[in-house]
Amino acid sequence: MSGQQVIVVGGGLAGLTAACELARQRIAVTLFEGSGQLGGRARSTVREGTIRNLGPHALHTRGPGTAILEDLGIELPGRRPASHLARLLFDGRIVSPLDRHLGGVTRALPALARMHRAARADDPDGNVADWLTHVVPDTAARRLLTPLVRLATYADADQQQAADMLTDALRAGRVRYLDGGWDALVQRLRRAASAAGAAITAGAPVVSVRYDRSWIVTTRDGQEHEATDVIVATG
């Protein structure tokens, strides 16, 4: 094998970005995505004419990912949601999250402030649901704080979202809903990577990665692909 040849396993935002970066450096790169659709957790579906994002719902514009996308020249059209219009269904009533008459709000908001100040959770690998239980022992306050956290992070994954990622997200502040949903961003990355020379194959699950004088990546159809380096960008 002559020259550097990289295989990227996983066609989510991380895998597509890695493929794009490598291809722009004129490195031979092949990306394999197991499912038939690129995007990973950043996928969109269309139902009854409405675009619905899977996983997180918005892009944090102050995070490192946004800086990388902008450096790649990837456009991010969209706008900030009107958070002042947000409403909660609480005890059978539809109320504003800042309704001072809402039971538990005076206890929940200071708890949210403590979470803003925290550098990291006690257990960085713990999930948000467990951390909330630890930080906010008051059940009523936690009932209010949980949806507030979802509104602040624009992600409904408290059983999976890492607690340290939550603190970063809260600090990042501004978010943007993308025009066309996640799929619009995924397709922009795909086009940029392909234009730079990356080979992208969806519907090709990788079943094994082993090293034998070089990296050997085997896909489910039994084909073996040789590489000097492998980037695994999957869950």
## Note on the structure
Charge tally for neighbours of GLN5 with beta carbon under 11 Å away, counting Lys, Arg as +1 and Asp, Glu as -1, is -2
### Separation of alpha-carbon centers, the stretch 12-48 and the stretch 186-235, rounded to whole Å
10
### Task
Would you mind checking which residues have amide H under 5 Å from ILE200's amide H? H placed 1.01 Å from N; only 5 or more apart, or other chain.
LEU31
## Note on the structure
Extension length gain for GLU70 and ASP221 (0.36 nm per residue less Cα distance), in nm, is 50.7 nm
### Summary
Residue separation between LEU85 and ALA199 times 0.36 nm, minus their alpha-carbon distance, gives in nm 36.7 nm
### Message
What does the extension gain come out to for TYR211 and THR133, with contour length at 0.36 nm per residue minus their alpha carbon separation?
### Response
23.7 nm
### Task
List every residue whose amide H lies under 5 Å from the amide H of ILE231, counting only residues 5 or more places away in sequence or on a different chain, with H placed 1.01 Å from N in the peptide plane.
ILE7, VAL8, VAL9
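Here, each number is a calculation from the coordinates, and none is a lab measurement. All of these numbers come straight from a predicted model, not from anything done at the bench. Don't worry about glycine lacking a Cβ; one is built from the backbone with ideal geometry, like all the others, and counts go over all protein chains shown.
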